[in-house]
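For reference, the structure discussed in these notes is given below.
The values are calculated or read from the model by the stated rules, or taken from the named source; none is laboratory data. Only a predicted model underlies this, so the values are computations on that prediction, with no experimental measurement involved. No Cβ is skipped: glycine too gets one built from the backbone with ideal geometry, and neighbour counts run over all protein chains shown. Accessible surface areas use protein heavy atoms only, side chains included; no ligands, DNA or RNA. Shrake-Rupley method; radii C 1.70, N 1.55, O 1.52, S 1.80 Å.
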Amino acid sequence: MFEKLIEKGLEKSAWLYHLNTGSCNGCDIELVSVITPRYDAERFGFKIAGSPRHADIIVVSGPITSQSKDRLIRTLAQVPDPKVVVSLGSCPRSCNVFSGSYCVEGPLDKYAPIDVSIAGCPPKPEAIMAGLVRAVEILKEKRRAMK
């Protein structure tokens, strides 16, 4: 009886923390549009967290730059387990047009394992929502595995 009550208490809305690591802001604008009433991602249970300590899902946009590398590592360390890392757009995966720049340290998978990758430059809101729904599924799987 208590196990079911505890399991029910652990279920909650997935809280997202967005981290811009040097993007052109195209992906950031599309992510914000997903939260607005037009697309209403909150119907799937997503909430924006103000702190990485409250987040379940980290959404990273942009290539990892020299200035953002330490911030990225610190932020990922602050997110409690289980966590899901989502790369938003082409830049976190391949550095896209910023590849080879003197200030780009490399793609996101050099610093953290990526659970969900949302492709595009910038990705469409529908693709972002599909990727976030997949991230919630992965989060539930990771929670079950921790038991």
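The table below gives the values:
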| quantity | calculated |
| --- | --- |
| Inter-site label distance for Glu141 and Glu42 at 7 Å from Cα along Cβ, in nm | 3.0 |
| Crossing angle, helix 66-78 versus the chain [Cα axis fit, 0-90 degrees, rounded to tens] | 10 |
| Degrees, to the nearest 10: 125-146 long Cα axis against longest axis of the chain | 50 |
| Between helix 26-35 and the chain: long-axis angle, C-alpha atoms, 0 to 90°, nearest 10 | 20 |
| Per residue value of the accessible surface for the chain (all protein chains in place, 1.4 Å probe), Å² | 57 |
| Ile29/Arg71 FRET efficiency (R0 22 Å; Cβ-Cβ; nearest 0.05) | 0.60 |
| Heavy-atom accessible surface of the chain: percent carbon and sulfur, 1.4 Å | 55 |
| Listed values (i) 50, 28, 23; (ii) 58, 37, 26; (iii) 58, 33, 22, entry calculated as Cα extents along the principal axes in Å | (iii) |
| Average Cα contact separation per residue, region 13-146, under 8 Å, 6 or more apart, as relative contact order % | 27 |
